[in-house]
1. Lysines near residue 53 by alpha-carbon distance under 20 Å, same-chain residues fewer than 8 away left out - which ones?
2. Does a label point 7 Å from the Cα of residue 93, set along Cα-to-beta-carbon, have any residues of the stretch 144-169 with amide nitrogen under 18 Å, and which are they?
3. With the crude spin-label approximation of a point 7 Å out along Cα→Cβ, what separation in nm comes out for residue 83 versus residue 124?
4. With a point put 7 Å past each Cα toward its Cβ, work out how far residue 57 is from residue 161 in nm, to one decimal.
5. Okay, which of the stretch 229-255 sit inside 14 Å, backbone N to the point 7 Å along the Cα-Cβ direction of residue 69?
6. Would you mind ranking 202, 211, 150 by Cβ crowding within 10 Å, fewest neighbours first?
7. Here is the link list: 127/193; 101/245; 110/203; 110/158; 76/127; 76/110. Which ones come out longer than 21 Å on Cα distance?
8. If a/c stays under 1.5 just call it rounded; otherwise compare a/b with b/c (prolate if a/b is bigger, oblate if not). Do that for the stretch 47-114, with a ≥ b ≥ c from the square roots of the Cα gyration tensor eigenvalues.
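No lab work stands behind these numbers, since they all come straight from the coordinates. What you see is a predicted model, and the numbers here were worked out from it, not measured in a lab. Positions of Cβ are generated from backbone atoms using ideal geometry, with glycine treated the same way; all protein chains shown enter the neighbour counts.
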Amino acid sequence: MMRSRLLAGFLVSTLLYTSEGFTSNRVFGKITRNVLMSASQPVGGINVSDLRKDYSSKGLMENDINHNNPYELFSKWFDEACAANVLEPNAMCLSTCVNNKPSARYVLLKGHDERGFVWYTNYNSRKSKEIEENPNAAITFWWGDLERSIRIEGIVEKVSTDESDQYFQSRPRGSQIGAWSSNQSQIIENREKLEEQERNIIKKFEGLKTIPRPQHWGGFRLVPSRIEFWKGRSSRLHDRVVFIKTNNKWQLERLQP
Ligand SMILES: Cc1cc2nc3c(=O)[nH]c(=O)nc-3n(C[C@H](O)[C@H](O)[C@H](O)COP(=O)(O)O)c2cc1C
C-alpha cells in the first residue's frame, strides 16, 4: 500500500513539476514537489500544513535604512520587485472595515510618493462605500520571489478630479469603455447582460476621440501612518521593521517575527 502510494506520488510530482504551470512558479514549484514526494502525503492532494520554505537571502538591517523616510525603502523594494519580473508587482490587497466586519480585495497601485499610495476604482463599488463610511484602511504587498511583504495602514482620501482625469485619459480605450460598462459590485443576471452593456457604451462613444471620465470612477490615496517591511529569514526568524508616524515624524522600530 505504502509503496504504491510512494510510486503514485512520484509520478504525479514528476508530471506536475515538468508542466508549464509548475515550472513557471519558482517558489511554490519546489515546495510542492517536496510535499508530493513525502511518504506521509495522501495521493492526489496537497497537505497544506506541510508547505514550508526556509528563507535564506539577505536580511533587512537598520544600518541600511533611512530611519526618517519609509518611502525611500518602499521605492527601492518596489523597483526591485519590478526588476525581478514578479507577476503584477503593483497588485496590493486593500482591506477596509465597516461595522467591525473587514473585507479585502486586490487593486493595482498606480502612483506612490510622499503623499501616499494611489489606486483607481469605481466610486460606487463596495470598497468605495466602505471607505466613505470608514476611511481607515490597510494595503498589503507580497512579493514571493523576493521573500518580501509590505503592510501599510492609514487614512484614505479621494485624489483630485484633475489627477483622476489625467490617469483616465492615459488608459487604453478598452479600459475606459470598461469603466463606463460595469456597475462594479452590483449583481447582474448573466455574462451576456454585461457584454450587452459594453456594446451599448461602445456605440454611445462611437466616433468620439476622447472618452470622458465617468463621475463615478476615480482615484483614492491611502495616506499612511504605519508602514511595515517584512523580509523572510531562516528558521522563521524573519525581519520586521516598522515605521510609525507620530507628531508628523517617522520613527523606526523592529518587531519580533
Ligand atoms: C491583481 C488584481 C488587480 C485588480 N486591480 C483592481 C483595481 O485597480 N481597481 C479595481 O477597482 N479593481 C481591481 N481588481 C478587482 C478587485 O479585486 C475587485 O474584484 C473589485 O474592485 C470589486 O471589489 P469590491 O466589490 O470590494 O469593491 C483587481 C483584481 C485583481 C485580482
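1. 30, 231
2. Those under the cut-off are 144-154.
3. 4.5
4. Going by the 7 Å Cα→Cβ label model, 4.5 nm.
5. Only 250 fall inside the zone, counting backbone N under 14 Å.
6. Ascending number of Cβ neighbours within 10 Å: 202, 211, 150.
7. On the way: 127/193 23 Å; 101/245 26 Å; 110/203 29 Å; 110/158 14 Å; 76/127 29 Å; 76/110 16 Å.
Cα-Cα > 21 Å for 127/193; 101/245; 110/203; 76/127; rest within.
8. Verdict is oblate for the stretch 47-114.
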